[in-house]
Every structure is written in C-alpha cells, then in structure tokens.
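Structure record follows, encoded as structure tokens.
The values are calculated or read from the model by the stated rules, or taken from the named source; none is laboratory data. What you see is a predicted model; the values in this text were computed from it and never measured. Virtual Cβ from ideal backbone geometry, glycine too; neighbours counted across all protein chains shown. In case anyone asks, the SASA skips ligands and DNA or RNA and just uses the protein heavy atoms, side chains included. Shrake-Rupley method; radii C 1.70, N 1.55, O 1.52, S 1.80 Å.
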Amino acid sequence: MTDYTTQLKDEQVMVDAIYARLDAMAAQTRERLTAVRAAGGHGSPTQRTERDSFATMYEERLTQLRAVQDRLVFGRLDTDAGEKRYIGRIGLSDLHHDPMLTDWRAEAARPFYEATAKNRFDIVMRRHISLKFREVVGIEDEVLDVSSAHVAEASESGTLTGEGALLTSLSSRRTGKMTDIVATIQAEQDRIIRAPLNQVTVVQGGPGTGKTAVALHRAAYLLYTHRRRLERSGVLVVGPSQAFLHYIDQVLPSLGETGVLSRTIATLLPGISVSAVEDPFAAQIKGDIRMVKTVANAVASRVRVPSELPTVHVNSVHLRISAADIEEAQQAARRTHLPHNRARVTFVEHMLELLVQRYSEQLDYTPEAAELGRVRDDLRYNDVVKKTLNLAWLPLNAEWLVADMWAKPAHLRRYAPWLDDDQIETLYRPKGSSWTASDVPLLDEAMELIGDDPRKIAAASAAPKMTDEERYAKDTLESMGISPSLVSAHQLASGMEASEDGDLLSARAAKDRTWTFGHIVIDEAQELTRMEWRMLIRRCPSRSFTIVGDVAQTSALGGARSWNTMLDPVFGHDRWHLGELTIDYRNPQEVADLASDFARNEGLYISTVKAVREVEGSVSRHIVDHLEELVSTTITEILDLVRRYLADDGTGRIAVIADDELLSTLRAPLWDAVRKELGDDELHRLQSQADGDDQIDLTNPEGIKGLEYDAVLLVQPGLIEENSPNRLTAASDLFVSLTRPTQQLVIVRTRDDAKELPL
C-alpha cells in the first residue's frame with residue numbers, strides 16, 4: 001500500500017519522462033529549423049522552395065509543441081489487463097515507438113470521458129492528474145470496477161473521489177482567455193465532440209453548459225481524426241464578436257491545432273471593413289431571405305437595351321447598333337450561366353461579332369481575315385461602342401451595387417416590391433456610409449452574382465494544379481529519405497504553396513472569398529439570419545457543420561427562436577442532428593434558478609436541468625429610491641467585487657452590465673472611485689488593459705455573448721428592457737446578462753425599475 005505523497009512522486013516520474021520526450025522533440029525540430037535557415041537563399045529555385053517548405057513545416061511543429069506545454073498530461077486509465085494508459089493533449093511515443101502519452105482525441109482515450117461503472121469498457125480505474133506547470137500537485141481516482149482491489153487502495157491512500165477536478169476548474173478565477181476543458185470533458189459533451197464529420201451537428205444548451213468548449217474541442221477532434229481531409233480545406237470558426245474570438249483564441253492551440261481560421265460575420269469578406277452599428281429593424285429586413293431576389297433584381301437591372309442606339313463609322317461603312325442585336329447578344333451571354341462580369345465578356349464578344357458581320361455584308365468584296373481583325377479592334381476601342389455596350393451590360397462592383405440600393409429608394413422599391421414605405425425608409429443610407437455587419441451577406445450575394453474581374457479569373461485558371469505540387473513533394477520526400485509518417489506529401493506541398501506567398505492555409509483562406517472549408521463551427525448560431533446562413537453554406541458545400549447556440553438567448557430580430565424553423569429551410573428536414581446539453585457548469589445553483597425562472601416566465605425555451613454546484617449568497621439584490629442612490633450603490637458594490645475577485649496578476653473579471661444610456665452616467669464616477677480605492681497606478685493598469693483582457697468590463701448585453709466573469713453587476717435591468725426592440729429580445733438580453741457569473745451576481749435597481757420588471 002502506498003500513501004498519497006508516494007503516489008504523487010510516482011506520477012511525477014512518469015510526467016517528467018513525458019516532458020523530457022516533448023523537450024527532445026522540440027530541440028530536434030529547432031535544430032532542423034536552424035539548419036534550414038542557415039542555408040539562406042542560395043541554390044536553385046527548386047532548392048529554395050524545398051528549404052522554405054521545410055522551414056514552414058518545422059515552424060508549425062514548434063508552435064504546436066510550445067502550445068501544449070501547459071497541463072500536457074491530465075489523466076490515466078488502468079485497464080483489466082494491467083495497462084496504465086496516460087492521456088494528454090497530444091500523442092507521444094518514445095524512441096522505440098512505444099506509446100507514452102495517448103492523444104485525448106484517440107479512440108483509446110474515449111473511456112476517460114465516457115466510461116461509467118455501468119459501462120466501463122475495459123477500464124478498472126480513471127485517474128485525474130493535476131499539474132502546476134510541470135509539477136504533479138494532485139491526483140484523484142474514480143474506480144469503475146467496484147469489485148477491484150483499486151477501491152480499497154484508492155480509499156486508503158486518499159485519492160478516491162468524484163468530480164474534484166471539474167469543481168476546481170469551475171471555482172478558479174476567470175481571465176481574459178477561455179481555457180480548454182480537455183481534462184474535464186463530461187460524457188454528454190464527449191458524445192457530441194466525437195459525432196461524425198459528415199453531418200450537421202446542432203448543440204442546444206443553456207448558459208454555462210459548455211457549448212463553446214464542446215464546439216472547439218469538436219473542431220480539434222475532427223482535425224485529428226480527419227487530418228488528411230481537413231488539412232487541405234481547413235476549418236472555419238464563426239463567433240458573435242471580436243471580443244469573443246479574442247476570448248477563445250488560445251483554446252485550439254492548447255489542443256495542438258494552430259491552423260484554424262476564426263472570423264465574425266462582419267470580418268468574413270476580404271477587403272470589407274465594418275464600422276457602423278445597424279438599426280435592429282434594418283438588420284432584420286436585410287436578413288430576410290427575400291433579399292436574395294432583391295440583389296438579383298439589382299444586378300439584372302444593369303442589363304438592358306439603351307434608349308438611344310448610335311451608328312458608328314468604320315472605313316466609311318455605317319454600322320447601326322440595333323436593339324435586336326443587343327438582345328441577341330444578351331441572350332447568348334445569359335445562356336452561359338456565368339456571373340455578371342464574366343458573362344459580359346461573352347456579350348461584348350457576341351456584339352463585336354455581329355457588328356463585324358454587318359461590316360462584311362455591306363462590302364462588295366470578300367474581306368480577308370486580317371481586315372476583319374482590324375475592324376474588330378477598331379470597334380472594341382471605339383468610345384461610342386464602349387459607352388453603348390456599357391449601358392447595355394454594365395460592368396459591376398458589389399460595393400457600388402449595394403450602396404446604390406440603400407441610397408436610392410426608388411431603385412430599391414423596384415428591386416424589392418415586398419418592402420413597404422416604412423421599411424424602405426429604415427434601409428435608406430446616403431452614399432459613402434460605412435458598412436454594417438448586416439450588409440456583409442448582401443455584399444457576398446452580390447459578389448457571387450457579379451463575379452470577379454475576368455482578368456483575375458483568367459490568372460487563377462492558369463495557376464499550377466495541386467496534384468503536380470504533391471507529385472513533386474512526394475519525389476522530394478523520397479529523395480531525402482524522409483518517412484511519410486513524419487510528413488505527408490500534401491503537408492510538404494502545402495508548405496511549398498505557403499512559402500510562395502508567405503501565408504499558411506488559414507491566412508490564404510482569409511484572403512479568398514471563394515474558399516470552401518471542410519468544416520465550419522458556428523457559435524451563438526441562434527443569432528444568424530437566413531441571409532447569413534446562406535453566406536456560410538456557400539463556404540461549406542459539403543454541409544459539415546457544428547452549430548452551437550441557445551434559442552433562449554436570441555437577441556437578433558431575424559434570429560432563431562426554434563431550430564426547426566431556422567434550419568429546416570437551410571439544410572432540409574431531418575438532415576441535421578440535435579444534441580442537447582442540460583447541465584450548467586458555470587453558474588451557481590441560485591444564479592441558475594433565478595435566470596431560468598425569469599426566462600421561463602418570459603416564454604423562452606429553457607433546456608438546462610441543473611447546476612453542478614451551490615455557492616452560498618451568490619445572488620444579492622439592492623433596491624434604491626432614486627438615480628443618485630443608484631449610482632452610489634453601484635459604485636459601492638463594484639468596489640466590493642474588485643476587492644473580492646480581482647488580482648494584480650491579471651486574473652479575475654467583473655462585468656458591469658447596463659443600458660448604454662446608463663453606462664455613460666456610471667463610467668466617470670466608477671473610475672474615480674477605483675482610483676481613490678486602489679491608487680493611480682492600479683487605475684492606470686486597469687484602464688490600459690487591452691479589449692478582451694480588461695478585468696473591469698463596462699458593457700451592454702450585446703457585448704457579453706459567449707463570455708463569462710467571476711462576478712456580474714447588473715444595473716437597472718428594466719431600462720434594458722425599455723430600450724430593446726421588443727419584449728422577447730429584452731428577455732433574451734437579460735437572460736444572457738443574468739447567466740454570465742461563475743461566483744456572484746449583484747442586481748442594483750430603483751424601486752420603479754423593480755415594479756416594471758420583477759426579478
């Protein structure tokens with residue numbers, strides 16, 4: 001029998017060996033990278049390309065090895081056969097190729113998350129190993145075979161426990177970064193993470209159920225399990241805000257994945273900058289699926305027969321451009337089914353052919369090909385012909401087209417007869433206005449219909465094929481004696497391609513509007529409109545999606561209140577699979593009960609069944625008589641939360657959530673009080689923190705989607721409801737606000753506010 005301290009030492013020996021192997025691999029990779037860089041830019045183009053490719057490969061590998069350093073090992077499985085299988089962030093083998101660490105995504109690691117006493121696979125005991133840096137600081141054992149001697153051993157040594165690792169992670173201070181849950185994934189989460197790639201997986205779950213964590217771990221799992229398929233096309237993660245993407249940006253690298261592209265809808269189109277905030281009613285209209293026809297009508301209106309058709313003179317021959325000729329050429333162009341600008345090339349060529357034919361018919365001799373070629377060139381560059389053909393088939397730019405729709409109500413009324421006058425007025429925006437996030441799907445639709453400049457298309461079609469690069473890469477690997485198990489031909493070919501333009505796959509995808517991904521993960525998906533769904537479907541024709549959200553948290557007027565209503569038209573009935581998360585890991589029970597009761601009374605769908613922990617006094621309420629007292633009480637409560645939850649090492653986060661109107665009143669006195677309480681240096685530190693890392697976050701409900709804090713101070717919730725577009729949106733915003741804290745919720749309001757909105 002060994003005591004707890006001895007078992008810690010025994011585990012430390014194994015952990016040290018695993019870290020030593022990781023360090024050796026990193027050192028070897030650094031040596032290879034140094035050798036490649038030392039070669040410089042000498043040699044033939046082929047040799048330089050080879051060096052650049054290997055340099056890229058080694059840099060990516062070093063990045064991965066550095067990213068998994070923290071909590072590299074977190075579990076152990078003891079089997080019926082006496083095997084001890086260690087579980088960690090990546091898989092590692094020793095020099096003899098014997099496994100030392102099993103990747104958490106491997107099938108052999110599944111029992112670590114899913115085994116129970118009733119269905120234990122072949123597992124006798126599951127051990128959770130806690131590390132601080134590289135030191136083993138705790139072990140906890142779950143014995144699954146109750147007849148095993150492990151029960152008595154674990155009990156006597158003090159390692160026998162249940163959900164200690166999970167509860168410890170929940171009670172730790174928040175930071176500006178989301179941490180992975182790889183060591184504490186629960187069974188209902190793991191089953192969703194390991195769902196098949198070739199399906200639409202929808203994860204419905206209330207606040208704190210781990211939806212985001214499940215989605216990101218699923219992305220890492222799919223990249224591990226379907227590496228060959230996804231490394232070519234990549235994975236896209238779509239989040240609700242830049243703050244959210246900043247919050248989650250360390251999760252996938254910590255799981256060994258560094259090549260995933262993260263975007264919001266607003267930042268998904270290369271070259272489009274969004275800086276304006278959209279009116280919620282305008283956003284709802286722009287998200288309507290009928291906007292597809294509206295944009296198509298706007299494009300089609302630029303193909304017409306001009307009211308005035310000229311006669312041009314070539315070599316003393318009069319050539320009249322007729323309406324019949326234009327209509328014939330337009331029909332020929334439409335039959336190509338190409339985008340507008342590319343079809344225009346067909347239109348112009350057909351018109352020139354007709355005019356050359358008219359020229360030839362008026363001669364009393366048969367002209368030679370050279371003469372006809374000169375006539376064609378003369379017509380192509382004739383200003384009158386160019387103007388006429390432009391009027392008949394206008395070359396378009398998507399940004400100009402969409403801006404023109406909003407700036408010209410008469411045009412918009414013609415393109416969208418389903419809009420009434422009030423809606424057209426809501427959409428009106430002068431030319432030169434900044435883009436909003438709601439414009440982006442319409443710009444994407446216009447770009448799809450209009451297409452790129454024909455010269456770009458021609459250049460792209462002349463690019464070398466990937467298969468040729470892969471064939472060359474394979475020959476290179478063989479000539480250098482490198483095993484395909486270390487690097488595949490495709491990896492090397494991708495590195496070659498990346499080295500040519502200085503970008504990794506994710507960076508290339510970010511610059512290419514037409515890039516199609518192997519899988520898309522969407523967080524807060526309930527907020528998406530039909531037009532936004534259409535934009536995302538275009539980027540993943542295989543329909544491989546992980547969709548996470550909560551229809552009780554929908555703020556967007558055009559968002560989903562029912563998954564069936566939203567997703568059936570997008571994917572088809574019964575072509576998507578719903579998994580529901582029911583356990584709240586974030587909120588204390590008192591907070592969860594308050595939020596759920598409120599949401600249920602407001603008619604929102606609640607899927608969470610219970611919270612996993614109780615925190616005594618986790619909800620406090622303060623009702624005051626007037627605005628001055630509201631401000632002073634709010635400041636008093638903020639200072640109390642600062643003392644309790646914030647640390648000068650940057651850990652701990654507090655959110656002050658209120659309507660924008662009230663935040664402007666609170667901001668100056670709040671920071672003044674912090675200065676008096678903590679001093680000028682601490683005030684400067686807190687105010688200079690980057691967005692997303694700020695320990696005191698003053699925000700409206702829109703800014704907190706997907707985020708969590710140690711403590712939340714909700715001020716005057718009735719004002720949030722009063723200034724919302726409608727009651728359901730207000731209810732969702734307040735439900736989100738109530739469910740952000742992991743430790744403490746404080747509500748401060750006036751008596752009048754409390755009468756208007758009971759909580």
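A few comments on the model shown:
- Subset of region 59-106 [more than 15 Å from residue 26 (Cβ to Cβ), touching a residue at least 12 places away in the same chain (Cβ under 8 Å) and part of a loop (DSSP other than H, G, I, E, B)]: 71, 80, 81, 91, 94, 104, 105, 106
- Filter pass, residue 464 being at pLDDT 95 or above and part of a loop (DSSP other than H, G, I, E, B): no
- Top-ranked residue in region 550-599 [being in contact with a strand residue (DSSP E or B) (Cβ under 7 Å, 6 or more places away or on another chain) and crowded, with 24+ Cβ neighbours inside 10 Å; ranked as nearest to residue 717 (Cα to Cα)]: 591
- Complete set of residues in region 608-628 that are charged (D, E, K, R) and either touching a residue at least 40 places away in the same chain (Cβ under 8 Å) or open to solvent by less than 60 Å² (accessible area, probe 1.4 Å) (or both): 613, 621, 625
- Enumeration of residues in region 21-39 that are in contact (Cβ under 8 Å) with a residue 60 or more places away in the chain and out of contact with any helix residue (DSSP H, G or I) (no Cβ under 9 Å at 6 or more places or on another chain): 21
For (1) at pLDDT 80 or above; (2) small (Gly, Ala, Ser), each residue gets a yes or a no:
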{"site": "81", "(1), (2)": "yes, yes"}
{"site": "152", "(1), (2)": "no, yes"}
{"site": "180", "(1), (2)": "no, no"}
{"site": "186", "(1), (2)": "yes, no"}
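- Within region 400-425, the residues that satisfy the criterion of being open to solvent by 70 Å² or more (accessible area, probe 1.4 Å) and charged (D, E, K, R) are 408, 413, 414, 420, 421, 422, 425.
The rows are residues; the columns are (1) under 26 Å from residue 187 (Cα atoms); (2) in contact with a Gly (Cβ under 9 Å, 6 or more places away or on another chain).
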{"residue": "215", "(1), (2)": "yes, no"}
{"residue": "220", "(1), (2)": "yes, yes"}
{"residue": "225", "(1), (2)": "yes, no"}
{"residue": "248", "(1), (2)": "yes, yes"}
{"residue": "255", "(1), (2)": "yes, no"}
{"residue": "264", "(1), (2)": "no, yes"}
{"residue": "273", "(1), (2)": "no, no"}
{"residue": "284", "(1), (2)": "no, yes"}
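- Within the set 438, 434, the sole residue that is at pLDDT 95 or above, surrounded by 16 or more Cβ atoms within 10 Å (Cβ to Cβ), of a type in the set (Gly, Ala, Ser) and under 23 Å from residue 527 (Cβ atoms) turns out to be 438.
- Look at (1) open to solvent by 10 Å² or more (accessible area, probe 1.4 Å); (2) at pLDDT 95 or above; (3) closer than 20 Å to residue 241 by Cα and you find that residue 694 fails only one, number (2).
- Yes/no for residue 445 being within 38 Å of the chain's Cα centre (by Cα), modelled with pLDDT of 95 or more and either assigned to a loop (DSSP other than H, G, I, E, B) or exposed (fewer than 13 other Cβ atoms within 10 Å of the Cβ) (or both): no
- Of the numbered criteria (1) open to solvent by 10 Å² or more (accessible area, probe 1.4 Å); (2) touching an Asp or Glu at 6+ places or on another chain (Cβ under 9 Å); (3) not β-branched (Val, Ile, Thr), the one residue 684 fails is (2).
- Filter result (within 22 Å of residue 67 (Cβ to Cβ) and open to solvent by less than 30 Å² (accessible area, probe 1.4 Å)) within region 129-143: 129, 131, 136
- Any hit, region 296-310, residues being over 30 Å from residue 409 (Cα atoms) and open to solvent by less than 70 Å² (accessible area, probe 1.4 Å): yes
- Candidates are the residues of region 284-310 that are assigned to a helix (DSSP H, G or I) and either touching a strand residue (DSSP E or B) at 6+ places or on another chain (Cβ under 6 Å) or of a type in the set (S, T, N, Q) (or both); the one that is nearest to residue 556 (Cα to Cα) is 284.
- Selected residue (criterion: farthest from the chain's Cα centre (by Cα)) from residues of region 666-705 that are among the basic types (Lys, Arg) and outside any loop (DSSP other than H, G, I, E, B): 676
- Test: residue in region 254-272 that is touching a Lys or Arg at 6+ places or on another chain (Cβ under 8 Å), within 30 Å of residue 243 (Cα to Cα) and outside any loop (DSSP other than H, G, I, E, B): yes
- Hits in region 311-328 - residues which are assigned to a loop (DSSP other than H, G, I, E, B) and either touching a strand residue (DSSP E or B) at 6+ places or on another chain (Cβ under 9 Å) or open to solvent by less than 60 Å² (accessible area, probe 1.4 Å) (or both): 321, 322
- Residue that is of a type outside the set (Ser, Thr, Tyr) and over 24 Å from residue 137 (Cβ atoms), where the choices are 76, 85, 71, 61: 61
- Residue selected from region 356-395 under the condition under 26 Å from residue 342 (Cα atoms) and part of a loop (DSSP other than H, G, I, E, B), by the criterion most open to solvent (accessible area, probe 1.4 Å): 381
- Where residue 315 falls short, out of the listed (1) at pLDDT 95 or above; (2) touching an Asp or Glu at 6+ places or on another chain (Cβ under 9 Å): (1)
- Of everything listed in (1) touching a Phe, Trp or Tyr at 6+ places or on another chain (Cβ under 9 Å); (2) of a type in the set (Phe, Trp, Tyr); (3) open to solvent by 20 Å² or more (accessible area, probe 1.4 Å), the single unmet condition for residue 605 is (1).
- Test: residue in region 224-237 that is touching a helix residue (DSSP H, G or I) at 6+ places or on another chain (Cβ under 6 Å) and in a helix (DSSP H, G or I): yes
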